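Trainee: Before we start, here is the structure in question, set down as structure tokens.
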Amino acid sequence: MLHKELKEKQRKLRDNFPEGLALRVHRALSWLDKSEQCNQDLDCQFIFLWVSFNAAYAQDTECLSLNETQSFSHFLEKLDKLDSNSMIYNLLWNEFPNSIRVLLSNKFVFQPFWQLHNKQITEQEYGQRFKDAKRAANYALANEETAKLTSIVLQRLYTLRNQLIHGGATWNSSANREQLKDAVQFLSQLIPYIIDIMMDNPNELWGDAHYPLINK
């Protein structure tokens, strides 16, 4: 599902969207479009895809007393219940199961690995956290818990996002090509599904955009 197809759908439906949803979808589509224009640059694709994801789900996390990963976990649970065509389910279990297993075993996208190297936690603490995280991921895999597994995957990709956004990686670095390649392939399908589900459910409470459009 590409930007062009979603944009055509949005033009047909947007007059019936609440203001908050209309703004979220419009912004998310704009960044999805930009990501598709950068198909030779994995770093840019990943960043623009993540911005598109943010545009779709972002809430005022300070008011909600939630951090960002908790916020998008709640968002994904809602999407899973509304996904009548099982698009996200099929993405996880039919298209990317092997890539997801590799990603979940990759220490470089597991935040406690970097906390260990920055001497914020001990080797023992890191080992326990990695074991616990793998157990949670395996449970979600074994029980086909779509929202939970999607949340775990995005938590890993959030570490990759932080590396790029906060200057913790070099542009076009050979060190993170495989992680970025898998991340882009996954997000480039997940984000359009998210936008599509939101457009199919305009009467759900998606929330006002955190940064609304202000006319002077």
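Trainee: Taking Lys81 as the residue in question, decide whether it is in a loop (DSSP other than H, G, I, E, B) and either in contact with a strand residue (DSSP E or B) (Cβ under 7 Å, 6 or more places away or on another chain) or charged (D, E, K, R) (or both).
Mentor: The answer is no for Lys81.
Trainee: Does region 131-146 include one or more residues that are part of a helix (DSSP H, G or I), closer than 17 Å to Lys78 by Cα, in contact with a helix residue (DSSP H, G or I) (Cβ under 7 Å, 6 or more places away or on another chain) and in contact (Cβ under 8 Å) with a residue 24 or more places away in the chain?
Mentor: yes
Trainee: Just to be sure I understand the filter: pairs with C-beta atoms under 9 Å, separated by 6 or more residues or on different chains, first member in region 67-82 and more than 15 Å from Val153 (Cβ to Cβ) and at pLDDT below 85, second member part of a helix (DSSP H, G or I) and aliphatic (A, V, I, L, M). Which pairs pass?
Mentor: That search, which allows pairs on different chains as well, returns Gln70/Leu64; Ser71/Leu64.
Trainee: Take the residues in region 6-40 that are farther than 25 Å from Asp208 by Cβ and free of Cβ contacts under 8 Å to residues at least 24 places away in the same chain; name whichever of them is surrounded by the most Cβ atoms within 10 Å (Cβ to Cβ).
Mentor: The residue in question is Cys38.
Trainee: Can you tell which of Asn176, Asn172, Asn162 is more than 26 Å from Leu21 (Cα to Cα), assigned to a loop (DSSP other than H, G, I, E, B) and modelled with pLDDT under 95?
Mentor: When all the criteria are applied, what remains is Asn172.
Trainee: Please specify each residue of region 190-210 satisfying the condition of being part of a helix (DSSP H, G or I) and surrounded by fewer than 16 Cβ atoms within 10 Å (Cβ to Cβ).
Mentor: Residue satisfying the conditions is Asp200 alone.
The values are calculated or read from the model by the stated rules, or taken from the named source; none is laboratory data. None of the values given here were measured: they were computed from a predicted structure. So basically every Cβ, Gly included, is an ideal-geometry build from the backbone, and we count neighbours across all protein chains shown.
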